[in-house]
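A.B. asks: Quick one: the structure is below, questions incoming.
Just so you know, all these numbers are worked out from the coordinates, no wet-lab data involved. On a predicted model such as this, the values are computed, not experimentally measured, just so you know.
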Amino acid sequence: MDLSPAQQKAVFVLVVVVLAALGYWLILPKLSHSGGQSAAAASTSPAASAPASTSAPGTTGTTGTPASAVTASPAAAGNVNIYSWLPFTQQGLADAASVTMKFAVDYNTFTYTESPAAYVAKMGELITGSLATTLRASYSTPGVATLRSNQKQVSTGTAVINSLRAFGPSSLTFIVTTGQRLVSSRGTTNGSTQYAVTVTGSGMSWQVDDIELASAGNS
């Protein structure tokens, strides 16, 4: 049978429609059957029958996964030992600061009855030999010594470390505010001065090597 082009096209379309319908009919029951099995399996599985997990401190969502398993703990993320970057340990810094404080207090503590040697001797091992020589000379300066004696001056010192100005492998320079309560024949006065105090040494062994006005610089 001969068909015209138009008839051939119509037959082709009809065949495509029939095949599509047949495929749908063959596949649909399988989808329905497998869907039923999936629903049944889901309703009887341990995960479905178990109660939903609730969030608690240290967990995320409803999975019960500890937060530490997902994110790094603060200790692991922020526990950085900065002293591993510096030429001294934390204890070494504390020891240097302690020597600086004791020296600064002694520096402003004296009495008019005290000789230059006695004034320096109380600082003992806190200071280097060169600084001891400098302080003895300063304490015995004629004009200063005469005024101290005539006014019967008695001074009591205090000290507070403000900051660490500079450091190196064997030296640290602290900015220190010293207080002075001066009792004399003229009455009682209170004052304060800021110094840059340099200590030298290492580990737990430090000595003050220099003291200058903070404004003058000392590093």
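A.B. asks: Return the sequence-ordered ³J(HN,Hα) values of the range 108-117 in whole Hz as given by the Karplus equation 6.51 cos²θ - 1.76 cosθ + 1.60 applied to θ = phi - 60°, using x for Gly and Pro.
C.D. replies: 9, 10, 7, 9, 5, 8, 8, 7, x, 5
A.B. asks: Considering only DSSP beta bridges where both residues belong to the range 84-219, give the percentage that are antiparallel (nearest 5).
C.D. replies: Numbers: 36 of 37 bridges.
For the range 84-219, the DSSP antiparallel bridge percentage is about 95.
A.B. asks: Here's something else I'd like to know. Taking θ as phi - 60°, what are the ³J(HN,Hα) couplings along the range 168-179 by the Karplus curve (6.51, -1.76, 1.60), each to the nearest whole Hz, with x for Gly and Pro?
C.D. replies: x, x, 9, 8, 9, 10, 9, 8, 10, 9, 9, x
A.B. asks: Give me a comma-separated list of calculated 3J(HN,Hα) values for the range 89-99, in order, Karplus coefficients 6.51, -1.76, 1.60 applied at θ = phi - 60°, integers in Hz, x for any Gly or Pro.
C.D. replies: 8, 4, 5, x, 5, 5, 5, 4, 5, 5, 4
A.B. asks: Okay, moving on. Assuming a ≥ b ≥ c are the square roots of the Cα gyration tensor eigenvalues, decide whether the range 88-219 counts as rounded (a/c under 1.5), prolate (otherwise, with a/b larger than b/c) or oblate. Mind dumping the intermediate values first?
C.D. replies: On the way: a/c = 2.26, a/b = 1.78, b/c = 1.27.
Verdict is prolate for the range 88-219.
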